[in-house]
Every structure is written in C-alpha cells, then in structure tokens.
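Notes to accompany the following structure.
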Amino acid sequence: MKDNSQRFVAQHVAGIPRSGIRDFFSIAAEMKDAISLGIGEPDFVTPWHIREAAIYALEKGKTSYTDNRGLLALRREISKYVEKRFEVSYSPETEILVGVGVSENIDLALRALLNPGDKVLYHEPCYVSYSPSVALAFGEAIAVPTFAKDNFAITPEALINAWQPGCKILMLNFPTNPTGGTVDKKALEKIAAFVVEKDMVVISDEIYSELTFEGEHTSIASMPGMRERTILLHGFSKAFAMTGFRIGYACAPAAIIEAMMKIHQYCMMCAPILSQEAAIEALRNGESAMLEMREQYHRRRDYVVARFNELGLPCHLPRGSFYAFPDISSAGLSSMEFATRVIHEAKVAMVPGTAFGPSGAGFVRAAFSTSYENLIEATERLGRWLDKNRK
Amino acid sequence: MNSVLQLIMEGESLTTAQMAEVLKISHEEVEKQLAQLKEQGKVLGWRPILNPDMDENSVRAVIEVKISPEREGGFDRLAQRISQFEQVENCYLMSGGYDLLLFVRAQNLRKVAAFVYERLATIGGVVSTSTHFILRPYKEQGFLLSGQQGNPDKPMISA
Ligand SMILES: Cc1ncc(COP(=O)(O)O)c(C=O)c1O
C-alpha cells in the first residue's frame, strides 16, 4: 500500500530540509572496510569509575524519577565545576537545569526564548542541529559564515554586519564542531559588547571546552554584562566520553532556567537517574582520566593536521575539539563528491563540509578521535588516492 | 616521561618509523630515545603481552614463600637466588604473612610441583611454601580478556 501519511506532517517540520548528508551516511554505513574519520564522538569508552558509579546506582535501586531540574547533588557539583572552569557562579537551586544532553538543552533554550519570527544568529560551519532547532522553535536562523583564514572564529565585524532588527539570540560554539575553531578573548569581548548593545541573548554551547589544547578556554558568560544574558550549555558527552549516557546541562539566570524547566518537565520529566549518578562521579573524580584523553587528542591532532598539510590539503590548526577541517578544494571536487569518492575508492570515511552548512563547501571534517594506527593508515590511503587523482 | 615511552605505554603497536611520524621527531631520535631507556635501565626489555587464554603449553602458579632472614643482607641473597630460576617470572619481597611472592610458569602442573619440592623447598633458609595455581585470567598487564570494550555497532559516521 502506498504511504500517504506525508500529508499529516506539520508544515514547519516538512519544511526542514532533509539533512543533505543522510544519503552519505547510508553509503558510509555499508562501507564496513573503510577507516572512519567520520565519528563525532570519543573513541574512548567511558572511564570505568564512571561506569561503575552507574552500576552501583542500579544496584542500590536508584531507578526513580528525580527532581525535574536534576538531582540537587549533581547541580551542586555542576555549580562548583562551572565556577572553577568558567569563572561564573550559578545557584544550584535556581540557575542550573540538567537535561538529556546538550541536544535537549539547545532545543529547550530556543523554545523558551523565541517568539515566532524572532531571528537567531549563528556562525557556520556549525553543528548540524542548530538551524533545524531554530526552525522547529519557529525562529529564523541567520548564518554568519566563518573562514579558515580566521581559524573559523566568528569576527566581531562579521557579526555586526550580519545583525539585523529582530535578532534576539546569538548562538556560539567554541571550540567548534566541525572546524575546531576557537575565538580569542579580545574578539569575544567585542562580541560581548555588541550583544549587550543590541540587548541579545547568547546561547553558548561549550561542550568541547575541556578539549582546548592551547591557552585557556574563556566563556563569554564570564564577561561584563553577559551572565544576565547568557545560557551556558555544557555536558559530559565529549570531555568525559559519555555520549551514550545522554546527559548535559544549562546554566542561566533563574527566569530563563524556569522557562526552560517548564518545557523540560512536560516533554522529558527528567534526565535518567543512572546517568545523573554517573555524571556526579565524573565531576568528582573524572579529571585525571579526562586530561589523559585530552593529551591523546592533542597529539593525534598534531599528527593528522601535519599530514593533511603535507598531502596538499591545507588545514588550519584546530585549537580545540577532536576535529580537523582540511581544505580539499585543490582536488577539484565538491565536498560531497570528494567524500563520496574517497570513501568508495580510498576507503576512508570523512564528512563533507557542507553537512555543516553551505559555508563548509570545499572542506571535509576528519575526526581524530581514533587510534594512531587508523590515522596513519587513513592518511596513507588518502595520499595514494590523491596521487592518482590529482594532476 | 620520555615521549617515545609514553606513546608505547598507550598500547598501540607502531613501528619506529610510525612513532617518528606521530611524534614529529626523526627516526634517529626515536631510536636514540629507545636506546636511552634501555641504557638507563628504565626499560628492561621488550616483549609482547601474550593472551594466557591462548597459551596451552604452560600453567602458572603463585607461590608464597617464607624464608629466614640472614644477619647480613636480610632477604636479599635468598630472593636473588630464587629469582634466578627460569620458572620464576616475578619475585617480590612482601609485607604480611609471608616473605616472597613468586609468579611461576612451567609446562604443566607436574613440573610446577617438581620445581617446588625439588628446587625451592630444598633451599636452605626456605621455611615453607604455599602454592596456588592460576585457574583463569581476566586481566593481563592492563589488558582485559573479557572481549571487546565499546559498542561494535557504533555508526561509521555521526554528527
Ligand atoms: C557542538 C555540539 N553540541 C552539542 C552536541 C550534542 O551533545 P550531547 O551528546 O550532549 O547531546 C554535539 C555532539 O556532537 C556537538 O558537537
């Protein structure tokens, strides 16, 4: 029977373009013998002491709902951690919300703040969910392109140029998925000043902040006038290798947290208690394992970025995250063609830059969250393929 | 720590040429650091970590040994002497209920037994021994034997 159910789908959902890389994902899924530099998560398994805390919680029968905002013990740990790391303090009682990953918190933040038609500025290339999440919250997403020459940092000038009346939110993500871009403190101060001038709110997704290799990560929330207008989003997926636990949090002024909480309490109720227990353990005792993982990413980054440059695929040095974003335009193919041919012919999986927005054209994302052995073999395969296919 | 050593301790098997590439140092520098480690005595040797589950030609035992200390040198002479036997893979002086802890490997149970009563127990100064056979390994020098960790069905590509 023919499926006619499409007519039931809401217009604004139907209107969200099917992710341009879904097809590519299906191709990749079949290529079992390819080496993957396409995985957007740590290759490490969650450190044992964290897994053990979840098992212990299960043994103790911790199988209930929790406070909608999350366990108070967890919010207290988050408050301490955020204060130490980001130099902003939030009240565990009223200014912190624990949710199902940063993913859920992005959705909550947008839905809590946007009136239909409000505009949201975000820098691009960026994480795939930003613009669709804005559309699902009836907002209008406005991309501000970023460039390799600026290390994919958003410049204050570009932001000022892109601004238009009706812009309510600026979404930031540093270090950035997919580019590893970061923004320096001076530029961030200017951005903050502009945001204050225009009375905007910032949603700052700092999920990769621990994975900053050079210099200190600075949160925009810590800048003058920003705490009152920033939703700081953070989670456990990347730094603590806890993607499958699905847990993250938002820190913001009480009225905003309260608004996000209203949505969260009806659509999610609370984050899974086992994951919350594991998260407490991660914050209390997870630092050394986290630093070890960071050290490994750091060295892998140095290796893989140098290799891309040697192969004639210019690659800026990502200061954070576990993503390299080499420029493949010298191969004379679009990002999608390049990624598709490379996965078929060289058996190396990378994500076309355009998956992260039109300004990713000419680039691919290569995740170095994999073993040296894989990185060495993948870049060798790529080198042989380039020799054959580049004049 | 020596950067080559740190890399090796992560447990991936890389050739020295690959190590040079990863660490962005010359091949000669890798060789030099390796030689240094041996020279300084920080690294005693290189050998693979075998999976004991796959080894059908030997049995292992742990032996607790009580010995009488000597006027000069305490436990050292006896400990060093016992360490000489090729069956003894590890030998430690312990606090607590006994003095030496030995990890012993031999072709079969009989040979371990023979080592204990013919060689070990007959040494002057060995007061008593207590032998425990290893039945099943679960972790060997940091490597878990319970199979692959992680999710084998992790998607090849994710955002
Ligand atoms: C920039 C960014 N934000 C959010 C997420 C989602 O994180 P979580 O697992 O906490 O939902 C990701 C995951 O890839 C990401 O790269």
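Read-outs: derived from the displayed coordinates by stated rules, not from any lab. Please read all numbers here as calculations on a predicted model, not as lab measurements. Cβ sites come from the backbone with ideal geometry, for glycine too, and all protein chains shown count toward neighbours.
Could you give P(r) for region B:52-136, binned at 5 Å from zero, as whole percent values over all Cα-Cα pairs?
3, 14, 28, 26, 15, 8, 4, 1, 0
Taking 1 over the mean of 1/r across every pair of different Cα atoms in chain B, what Kirkwood radius in Å do you get?
19.3
State, to one decimal in nm, how far the label point of A:Ala73 lies from the label point of B:Arg81, with both points 7 Å from Cα in the Cβ direction.
That separation, rounded to one decimal, is 5.6 nm.
7 Å from Cα along Cα→Cβ at both A:Lys2 and B:Glu31: what's the point-to-point distance in nm?
A separation of 7.3 nm, rounded to one decimal place.
Using only the alpha-carbon atoms, how far is helix A:48-59 inclined from the longest principal axis of chain A? Give it as 0 to 90 degrees, nearest 10.
Orientation of helix A:48-59: about 50 degrees from the principal axis.
Can you give the net charge of the other residues whose Cβ lies under 14 Å from the Cβ of B:His132, counting K and R as +1 and D and E as -1?
It works out to a net charge of +2.
What is the distance in Å between the Cα centroid of region A:211-281 and that of region B:93-133?
57
Could you list, bin by bin from short to long, the percent of Cα-Cα pairs of the protein assembly as shown in 10 Å steps?
3, 15, 22, 22, 16, 10, 7, 4, 1, 0
Given a Förster radius of 30 Å and the C-beta distance between A:Val45 and B:Asn51 as r, what FRET efficiency does 1/(1 + (r/R0)^6) yield to the nearest 0.05?
Calculated value: 0.95.
Can you tell me the relative contact order of chain A? Whole percent, Cα pairs under 8 Å, sequence separation 6 or more.
That works out to 24 percent.
Please determine, in degrees from 0 to 90 and to the nearest 10, the orientation of helix A:72-86 with respect to the longest principal axis defined by the Cα atoms of chain A, where the helix direction is its Cα long axis.
Approximately 60 degrees, to the nearest ten.
How many angstrom lie between the Cα centre of region A:131-146 and the Cα centre of region B:12-48?
Distance between centres, Cα-based: 50 Å.
Using alpha carbons only, how many degrees (0 to 90, rounded to 10) separate the axis of helix A:185-197 from the longest principal axis of chain A?
In chain A, helix A:185-197 runs at an angle near 50 degrees to the longest axis.
Between B:Gln40 and B:Lys154, what is 0.36 nm times their sequence separation minus the Cα-Cα distance? Round to one decimal in nm.
My answer for the length gained is 36.7 nm.
When a footprinting reagent is the concern and you count Cβ atoms within 10 Å, what order do A:Arg284, A:Arg69, A:Arg229 take, fewest first?
Result, fewest neighbours first: A:Arg284, A:Arg229, A:Arg69.
Around A:Val9, what is the net charge, scoring Lys/Arg as +1 and Asp/Glu as -1 over all other residues with Cβ under 14 Å from its Cβ?
After counting each charged neighbour, the total is +1.
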